[in-house]
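Enquirer: Once you've had a glance at the structure underneath, I'll fire off some questions.
The values are calculated or read from the model by the stated rules, or taken from the named source; none is laboratory data. All values reported here derive from a predicted model rather than from experimental measurement. All Cβ positions, even for glycine, are placed from backbone atoms using ideal geometry, and neighbour counts span all protein chains on display.
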Amino acid sequence: MRTTVGIIGGGPAGLLLARLLHRAGVDCVVLESRTRQYVQRRQRAGMLEQGTVDALRAADAAARLDTEGLVHDGIELRFERERHHLDFPVLTGGRTVTIYAQTEIVKDLVALQLTDGPPLLFEAEALAVEGPQSGAPVVRFRHEGRERTLACEWVVGCEWVVGCDGSHGVAADAFPAAACRTYRHDYPYSWLGILAEVPPSCDELIYAHHARGFALHSMRPPRFSRLYLQVPNGTGLEDWPDDRIWDELDTRFTVDADWTLRRGPVTAKSVTPMRSLVHEPMRHGRLLLAGDAAHIVPPTGAKGLNLAVSDVRLLAMAFTELHADGSTRLLDGYSDLCLQRVWQATRFSDDMTRMLHAQPDGDAFDHRMQLARLRRITASRHAAAELAANYTGLPLPL
Ligand code: RFL
Ligand code: PHB
């Protein structure tokens, strides 16, 4: 098999990149280690920046998003039993965000690619990227992994390889240690997330700071609520029967107002550790990284998927330019351009995370500082506008 751009990973980054390249006339192949069912069911993000929605529209992949996505004009902050609404259009000069699940984006992009797109191989696990500094890097992969015989190994000869293979992928391993650096921070807590079959108890997302820990109310409308609780690292799901989760959510969302959390059957449950990670640079020779393969942010700022989309928007522009006139100008600038935005999103996600979570090793002073930060945001239009500008998404650095 030969192709111009070999894409490892069929998550949102790899699938959107393939769609954009295909429309620009650049041929590519996507290798995805999991099954179609698995990638379409993996519960993750739900909050899309305007730029992400625009990118999906530009890729002609937003038909369902445009009818089923929910436009939100803001978020609610809760602390000390009070509710505070942040009005994004007022604070940002008209910007909004959209609630549409990552599972649905993946379903939409997979369907488009299988109908009229470039090859997308499921159960095709990349094993290694070889020769990233040569003129023709190679991805070794195993297709239909259950057979596990050497004869099942194919070789894709690519002019470029893009690692969109998430935080546990193999593409980043092809960077020589001397040519890269990873910056990492592990937070001392995790999120226990549930999907519940009950209509949301709110019209906008609620970020709640509570002495017992953070809680977030999100949604997968019209029938599902998506909720998260801060829990200690190492928490096992066996310690959290559904009633305990609902009781804890109730406590953390409590306000001195008439508000009730609706309960319903829990259909999915998982625990995710909070961490930040940035891999620098994002290019080595003819190997480029995009999305979670290059950077992870704690989900408190809802930035991970949005960053993945902005990486591939830049990459698609870069390959289109190369295809049109042979210029590698944008490909040469790709890593530096992306990393500017990545570090800003990492900073914002870190600020939100530290401000909203109970700090297990914090003292009374630290807690007062968190409350002072929250009060400042609700009292100062300037402080609120700064949060809103970051939450709704900073512009692409072009
Ligand atoms: P993905 O989605 O992990 O996709 C990578 C794909 O690569 C495949 N793969 C391989 N394929 C072939 N060969 C190999 N060797 C391979 N190794 C891996 C994997 O099977 C997979 O299909 O990365 P991508 O595309 O970069 O997308 C990133 C997003 O998934 C991620 O950043 C977001 O989900 C983060 N995130 C959120 N982001 C937002 O922008 N808004 C949100 O509201 C939001 N909420 C969240 C989140 C992430 C969460 N968790 C679970 C970490 C909420 C949570 C709880
Ligand atoms: C989600 O809907 O899953 C979600 C929304 C906002 C976040 C994190 C997750 O900050």
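Enquirer: State whether the residues of the range 316-331 include one that is buried (at least 17 other Cβ atoms within 10 Å of the Cβ), within 12 Å of ligand 1 (Cβ to nearest atom) and of a type outside the set (D, E, K, R).
Expert: no
Enquirer: Looking at the structure I just gave you, is ALA178 away from ligand 2 (no atom under 16 Å from the Cβ), part of a helix (DSSP H, G or I) and not charged (D, E, K, R)?
Expert: Working: away from ligand 2 (no atom under 16 Å from the Cβ): yes; part of a helix (DSSP H, G or I): yes; not charged (D, E, K, R): yes.
Judged against the criteria, ALA178 is a match.
Enquirer: Go through the range 30-46 and report how many residues are out of contact with any strand residue (DSSP E or B) (no Cβ under 6 Å at 6 or more places or on another chain), more than 6 Å from ligand 1 (Cβ to nearest atom) and either over 17 Å from TYR100 (Cβ atoms) or hydrophobic (A, V, I, L, M, F, W, C) (or both).
Expert: Result for the range 30-46: 4.
Enquirer: Does at least one position in the range 269-283 carry a residue that is in a loop (DSSP other than H, G, I, E, B) and within 16 Å of ligand 2 (Cβ to nearest atom)? Outline the logic, then answer.
Expert: Keep residues of the range 269-283 that are in a loop (DSSP other than H, G, I, E, B), which gives 281-282.
Next, from what is left, pick out any that are within 16 Å of ligand 2 (Cβ to nearest atom): none.
Among the residues of the range 269-283, not one is in a loop (DSSP other than H, G, I, E, B) and within 16 Å of ligand 2 (Cβ to nearest atom), which makes the answer no.
Enquirer: Which pairs have Cβ atoms under 8 Å, sit 6 or more apart or on different chains, and link a residue in the range 303-325 that is closer than 14 Å to VAL53 by Cα to one that is surrounded by fewer than 22 Cβ atoms within 10 Å (Cβ to Cβ) and among the basic types (Lys, Arg)?
Expert: LEU305/ARG44; LEU307/ARG341; SER310/ARG341
Enquirer: Quick check on this structure: which one of VAL255, VAL231, VAL170 is more than 16 Å from ligand 1 (Cβ to nearest atom) and either touching a residue at least 12 places away in the same chain (Cβ under 8 Å) or assigned by TED's automatic domain parsing to the domain that holds ALA290 (or both)?
Expert: Going through VAL255, VAL231, VAL170 in turn, just one is more than 16 Å from ligand 1 (Cβ to nearest atom) and either touching a residue at least 12 places away in the same chain (Cβ under 8 Å) or assigned by TED's automatic domain parsing to the domain that holds ALA290 (or both): VAL255.
Enquirer: Could you check the range 182-228 and list, in sequence order, the residues that are within 11 Å of ligand 2 (Cβ to nearest atom), touching a His at 6+ places or on another chain (Cβ under 8 Å) and hydrophobic (A, V, I, L, M, F, W, C)?
Expert: LEU205, ILE206, PHE214, LEU227
Residue-by-condition table, conditions (1) assigned to a loop (DSSP other than H, G, I, E, B); (2) farther than 17 Å from LEU307 by Cα; (3) assigned by TED's automatic domain parsing to the domain that holds ALA211; (4) among the small types (Gly, Ala, Ser):
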| site | (1), (2), (3), (4) |
| --- | --- |
| PHE365 | no, yes, yes, no |
| LEU371 | no, yes, yes, no |
| ARG376 | no, yes, yes, no |
| HIS382 | no, yes, yes, no |
| ALA385 | no, yes, yes, yes |
| ALA388 | no, no, yes, yes |
| PRO397 | yes, no, no, no |
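Enquirer: Separate question: May I ask you to verify whether GLN370 is buried (at least 17 other Cβ atoms within 10 Å of the Cβ), out of contact with any strand residue (DSSP E or B) (no Cβ under 6 Å at 6 or more places or on another chain) and polar (S, T, N, Q)?
Expert: It is true that GLN370 is buried (at least 17 other Cβ atoms within 10 Å of the Cβ), out of contact with any strand residue (DSSP E or B) (no Cβ under 6 Å at 6 or more places or on another chain) and polar (S, T, N, Q).
Enquirer: Still on this model: Can you pull out every residue in the range 232-262 that is surrounded by 21 or more Cβ atoms within 10 Å (Cβ to Cβ) and either among the polar types (S, T, N, Q) or touching a Gly at 6+ places or on another chain (Cβ under 9 Å) (or both)?
Expert: The one that is surrounded by 21 or more Cβ atoms within 10 Å (Cβ to Cβ) and either among the polar types (S, T, N, Q) or touching a Gly at 6+ places or on another chain (Cβ under 9 Å) (or both): ARG252.
Enquirer: Restrict the check to the range 100-118 and report whether at least one residue is surrounded by 20 or more Cβ atoms within 10 Å (Cβ to Cβ) and in a loop (DSSP other than H, G, I, E, B).
Expert: Yes, the conditions are met somewhere in the range 100-118.
Enquirer: Considering only the range 334-352, I want to know if a residue exists there that is small (Gly, Ala, Ser) and without any contact (Cβ under 8 Å) to a residue 24 or more places away in the chain.
Expert: Among the residues of the range 334-352, not one is small (Gly, Ala, Ser) and without any contact (Cβ under 8 Å) to a residue 24 or more places away in the chain, which makes the answer no.
Enquirer: Considering only residues that are within 16 Å of VAL90 (Cβ to Cβ) and either without any contact (Cβ under 8 Å) to a residue 60 or more places away in the chain or not hydroxyl-bearing (Ser, Thr, Tyr) (or both), which ones fall in the range 361-389?
Expert: Answer for the range 361-389, where residues must be within 16 Å of VAL90 (Cβ to Cβ) and either without any contact (Cβ under 8 Å) to a residue 60 or more places away in the chain or not hydroxyl-bearing (Ser, Thr, Tyr) (or both): ILE377, ALA379, SER380, ARG381, HIS382, ALA383, ALA384, ALA385, GLU386, LEU387, ALA388, ALA389.
Enquirer: Restricting attention to strands (runs of 3 or more DSSP E) lying wholly within the range 186-242, give those where 2 or more residues are under 14 Å from ARG262 (Cβ atoms).
Expert: In the range 186-242, the matching strands (runs of 3 or more DSSP E) lie at 215-220, 224-231.
Conditions tested, residue by residue: (1) over 19 Å from TYR228 (Cα atoms); (2) more than 16 Å from ligand 1 (Cβ to nearest atom); (3) among the small types (Gly, Ala, Ser); (4) touching a Ser or Thr at 6+ places or on another chain (Cβ under 6 Å).
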site	(1), (2), (3), (4)
LEU48	no, no, no, yes
ALA59	yes, no, yes, no
ARG64	yes, yes, no, no
LEU70	yes, no, no, no
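Enquirer: Also, quick follow-up: All but one of (1) more than 12 Å from ligand 1 (Cβ to nearest atom); (2) not assigned by TED's automatic domain parsing to the domain that holds ASP239 hold for LEU307; state the number of the condition that does not hold.
Expert: All conditions are met except number (1).
Conditions tested, residue by residue: (1) under 30 Å from TRP160 (Cβ atoms); (2) at pLDDT below 95; (3) in a loop (DSSP other than H, G, I, E, B).
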site	(1), (2), (3)
ARG19	yes, no, no
VAL29	yes, yes, no
ALA55	yes, no, no
LEU91	no, no, no
